[in-house]
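**Student:** Supplied in structure tokens, the structure appears directly below.
The values are calculated or read from the model by the stated rules, or taken from the named source; none is laboratory data. Model, not experiment: these values are computed from the prediction. Glycine gets a Cβ as well: all are built from the backbone with ideal geometry, and neighbour counts include every protein chain shown. Ligands, DNA and RNA are stripped out before the accessible areas are found, and what is left, the full protein with its side chains, is counted by its heavy atoms. Shrake-Rupley method; radii C 1.70, N 1.55, O 1.52, S 1.80 Å.
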Amino acid sequence: MRLGELVETSRQVGATRKRLEKLALLAELIRRLAREEVRLGVAYLAGELGRAPVGAGPALVRAVLGTAAAPDAALTLVEVDRALAAVARASGSGSSAQRRRALEELFARATAPEQSFLARLIVGELRQGALEGLLVQAVARAATLDEPTVRRAWMVSGDLPGVAELALRGGREALAGLRLRPGVAVKPMLAQDAGSLGEVLTDLGEAAFEWKLDGARVQVHKDGDEVRVFTRQLNDVTAAVPEIVAVTRALPARTVILDGETIALEPDGGPHPFQVTMRRFGRKLDVEALRAELPLTTYFFDVLHLDDADLLDRPAAARFHALAEALPPALVIPRVVTGNEPAAQAFLESALDRGHEGVVAKTLAATYEAGRRGGSWRKLKPVHTLDLVVLAAEWGSGRRQGWLSNLHLGARDPANGGFVMLGKTFKGLTDERLAWQTEKLLALELGRDEWTVHVRPELVVEIAFGDVQSSARYPGGVALRFARVKRYRADKSPADADTIDAVRAIHARGTAEAR
């Protein structure tokens, strides 16, 4: 397949707001890919290279964008991959010049639209509305399979392009052979916001209630003496957290995959702020010194694999039992199982008294839905918060002169892969945070006017707010009241941001309660 066909489909997908239309476009393109092109095509549609980074940064890519474009779209996907492999092979003395020549040769063979696509693909800035969830559906349609079968295969492998290749080549039987593998990270299951404890018990009945920590999500894999630790974003941080490696290596299980949270605690057992915990994940040197200064405490709340058995499809109650059998009590998250509201309220208050955020309630019958924000997990925090994306920022005045201050906040819109603005806030910003966000946002700049700098929607910020009100001013019809910045979420990507539907649900609950 020619790259131009994929680029045009990508353009059409990004141009339409209709999810079914996006799905049809993607499925048709995937169906037309040759066997050797499937992995590449799906990777490119997902905004990924389909290979390790090639060593070409934004400055180099901007430099080669001046290359004269080809008049006709003749470049194929396989040829693009071979050219990128040549860029990646550049090494030794003169490697920078080699990479530039290889990129210039590739861009000289590309049309102007293809050059733009390749530039954004190489530097990881391709935003085209083809979200992973939509691509899972498109792969299923192209391979004439049901979506749960494809989603399950993606869930256990973490490799959607590879799943697409297997699905189109071997169908259901090929996908059935995929299993969890220690060392290969799995997308974590996520929780929905809950309005009240009563709502949770009404929806879930008897449930497991666990502490909601303000720490860092970790997924820990053990295979014999080999231990690897991944973040929520599936980044390998093993070298930064030796204490997690040590406690996992000491477990009697030969193979295990654990889901949990790690947090830095004060001497009295209270939690440090989230930003303090995250210091442990940014350090590559002097790890042992920082470990002594800021030790981590880890609690596990789920087990996905144990001694060669996958547990994803077992009910939560069975997984919790397996977790308790495999781990010492000190490593298991504090949990109570109840359908009694006073008992659940007492547990919530005990978590809050210890300085934690609240609780997470989990249905005992639920399977582990990796990569999904399922209704069987509900997080209950006394203060409303949303994870939103910064769309733009306005220059401050007075004491904030010279800093980007007033943030434009957006919720994710799954229908079109974009973001819907909910309002602005400059509250909750310390001088240190103002300086940091100004530098960060300027690096993400897309354009500006006299007062506002518009940025790539990449920074996720946790916003605390009073309630959600109707608003004719913003395109989503709702706006946040009394919004303030709580923290930036370096552990979350824009795909993890809360949706406009979740915001509207909060608004609907508030409207109903006011009647």
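**Student:** Could you tell me whether Val287 is under 27 Å from the mean Cα position of the chain (by Cα), over 18 Å from Ala207 (Cβ atoms) and either open to solvent by less than 60 Å² (accessible area, probe 1.4 Å) or at pLDDT 95 or above (or both)?
**Tutor:** Details: under 27 Å from the mean Cα position of the chain (by Cα): yes; over 18 Å from Ala207 (Cβ atoms): yes; either open to solvent by less than 60 Å² (accessible area, probe 1.4 Å) or at pLDDT 95 or above (or both): yes.
Yes, satisfied.
**Student:** Moving on to the next point. Quick one: count up the residues across the stretch 58-94 that are exposed (fewer than 13 other Cβ atoms within 10 Å of the Cβ) and touching a residue at least 40 places away in the same chain (Cβ under 8 Å).
**Tutor:** Summing the residues that are exposed (fewer than 13 other Cβ atoms within 10 Å of the Cβ) and touching a residue at least 40 places away in the same chain (Cβ under 8 Å) in the stretch 58-94 gives 3.
**Student:** When you go through (1) out of contact with any Pro (no Cβ under 8 Å at 6 or more places or on another chain); (2) at pLDDT 90 or above; (3) surrounded by 15 or more Cβ atoms within 10 Å (Cβ to Cβ) one by one for Val38, which number turns out not to apply?
**Tutor:** (1)
**Student:** Quickly run through the stretch 1-23 and pick out the residues that are of a type in the set (Gly, Ala, Ser) and surrounded by fewer than 16 Cβ atoms within 10 Å (Cβ to Cβ). Walk me through it before giving the result.
**Tutor:** Of the stretch 1-23, the ones of a type in the set (Gly, Ala, Ser) are 4, 10, 14-15.
Ala15 - this is the single residue of the stretch 1-23 that is of a type in the set (Gly, Ala, Ser) and surrounded by fewer than 16 Cβ atoms within 10 Å (Cβ to Cβ).
**Student:** A follow-up question, please. Filter the stretch 161-183 for residues that are open to solvent by less than 50 Å² (accessible area, probe 1.4 Å), over 17 Å from Arg35 (Cβ atoms) and either touching a Lys or Arg at 6+ places or on another chain (Cβ under 9 Å) or assigned to a helix (DSSP H, G or I) (or both) and give the result. Steps first, please.
**Tutor:** Step one: list which residues in the stretch 161-183 are open to solvent by less than 50 Å² (accessible area, probe 1.4 Å), which gives 161-165, 167, 170-171, 174-175, 178, 180, 182-183.
Restricting the remaining residues to those that are over 17 Å from Arg35 (Cβ atoms) gives 178, 180, 182-183.
The answer is Leu178, Pro182, Gly183.
**Student:** Being open to solvent by 60 Å² or more (accessible area, probe 1.4 Å) and assigned to a strand (DSSP E or B) is the filter here, so list the residues in the stretch 217-249 that pass it.
**Tutor:** Asp223, Glu226, Arg228, Asp236
**Student:** Among Thr255, Thr262, which is the only one that is in contact (Cβ under 8 Å) with a residue 24 or more places away in the chain, over 20 Å from Ala490 (Cβ atoms) and either among the acidic types (Asp, Glu) or open to solvent by less than 80 Å² (accessible area, probe 1.4 Å) (or both)?
**Tutor:** When all the criteria are applied, what remains is Thr255.
**Student:** Within the stretch 121-139, is there a residue that is among the basic types (Lys, Arg) and without any contact (Cβ under 8 Å) to a residue 24 or more places away in the chain?
**Tutor:** Restricting attention to the stretch 121-139, the residues satisfying the condition of being among the basic types (Lys, Arg) are 127.
Okay, now just the ones that are also without any contact (Cβ under 8 Å) to a residue 24 or more places away in the chain, so none.
No, there is no match, as no residue in the stretch 121-139 is among the basic types (Lys, Arg) and without any contact (Cβ under 8 Å) to a residue 24 or more places away in the chain.
**Student:** Are any of the residues in the stretch 119-129 over 30 Å from Met155 (Cβ atoms), within 28 Å of the chain's Cα centre (by Cα) and open to solvent by less than 50 Å² (accessible area, probe 1.4 Å)?
**Tutor:** We begin by selecting, within the stretch 119-129, every residue over 30 Å from Met155 (Cβ atoms); these are 119.
Pick out the ones that are also within 28 Å of the chain's Cα centre (by Cα) and you get 119.
Okay, now just the ones that are also open to solvent by less than 50 Å² (accessible area, probe 1.4 Å), so 119.
Yes - at least one qualifying residue is present in the stretch 119-129.
**Student:** Restricted to the stretch 390-446, and to residues that are among the β-branched types (Val, Ile, Thr) and touching a Phe, Trp or Tyr at 6+ places or on another chain (Cβ under 8 Å), which residue is farthest from Gly476 (Cα to Cα)?
**Tutor:** The initial filter retains those residues of the stretch 390-446 that are among the β-branched types (Val, Ile, Thr), namely 390, 420, 425, 430, 438.
Add one more test, that the residue is touching a Phe, Trp or Tyr at 6+ places or on another chain (Cβ under 8 Å), and what stays is 420, 438.
Details: Val420: 6, Thr438: 27 Å.
Result: Thr438.
**Student:** Tally time: how many residues in the stretch 346-367 are under 15 Å from Pro315 (Cβ atoms), without any contact (Cβ under 8 Å) to a residue 60 or more places away in the chain and open to solvent by 30 Å² or more (accessible area, probe 1.4 Å)?
**Tutor:** Matching residues across the stretch 346-367 total 2.
**Student:** Being surrounded by fewer than 20 Cβ atoms within 10 Å (Cβ to Cβ) and farther than 26 Å from Val360 by Cα is the requirement here; does Glu199 meet it? Don't jump to the end; show me each part of the working.
**Tutor:** Numbers: surrounded by fewer than 20 Cβ atoms within 10 Å (Cβ to Cβ): yes; farther than 26 Å from Val360 by Cα: no.
It is false that Glu199 is surrounded by fewer than 20 Cβ atoms within 10 Å (Cβ to Cβ) and farther than 26 Å from Val360 by Cα.
**Student:** Here is a list: Val337, Val303, Val332. Which entry is at pLDDT 95 or above and either open to solvent by 60 Å² or more (accessible area, probe 1.4 Å) or on the phi > 0 side of the Ramachandran plot (or both)? Before the answer, list the steps.
**Tutor:** Values: Val303 fails: either open to solvent by 60 Å² or more (accessible area, probe 1.4 Å) or on the phi > 0 side of the Ramachandran plot (or both); Val332 fails: either open to solvent by 60 Å² or more (accessible area, probe 1.4 Å) or on the phi > 0 side of the Ramachandran plot (or both).
Matching residue, one of Val337, Val303, Val332: Val337.
**Student:** Give Ala393, Ala344 a once-over and let me know the one that is farther than 25 Å from Leu304 by Cβ, over 26 Å from the mean Cα position of the chain (by Cα) and of a type in the set (A, V, I, L, M). First the steps, then the outcome.
**Tutor:** Numbers: Ala393 fails: over 26 Å from the mean Cα position of the chain (by Cα).
Just one listed residue meets the conditions, Ala344.
**Student:** Continuing with the same structure: May I ask you to verify whether Val54 is assigned to a loop (DSSP other than H, G, I, E, B) and either under 30 Å from Asp413 (Cβ atoms) or not hydroxyl-bearing (Ser, Thr, Tyr) (or both)?
**Tutor:** Here the answer is yes, as Val54 does meet what is asked.
**Student:** Hey, another quick one. Could you check the stretch 370-418 and list, in sequence order, the residues that are open to solvent by 30 Å² or more (accessible area, probe 1.4 Å), hydrophobic (A, V, I, L, M, F, W, C) and modelled with pLDDT of 90 or more?
**Tutor:** Hits for the stretch 370-418 are Leu391, Trp395, Trp403.
**Student:** Hey, another quick one. List the number of the failed condition for Gln275; all other conditions in (1) in a helix (DSSP H, G or I); (2) over 16 Å from Ala216 (Cβ atoms); (3) under 27 Å from the mean Cα position of the chain (by Cα); (4) modelled with pLDDT under 90 hold.
**Tutor:** Answer for Gln275: the failing condition is (2).
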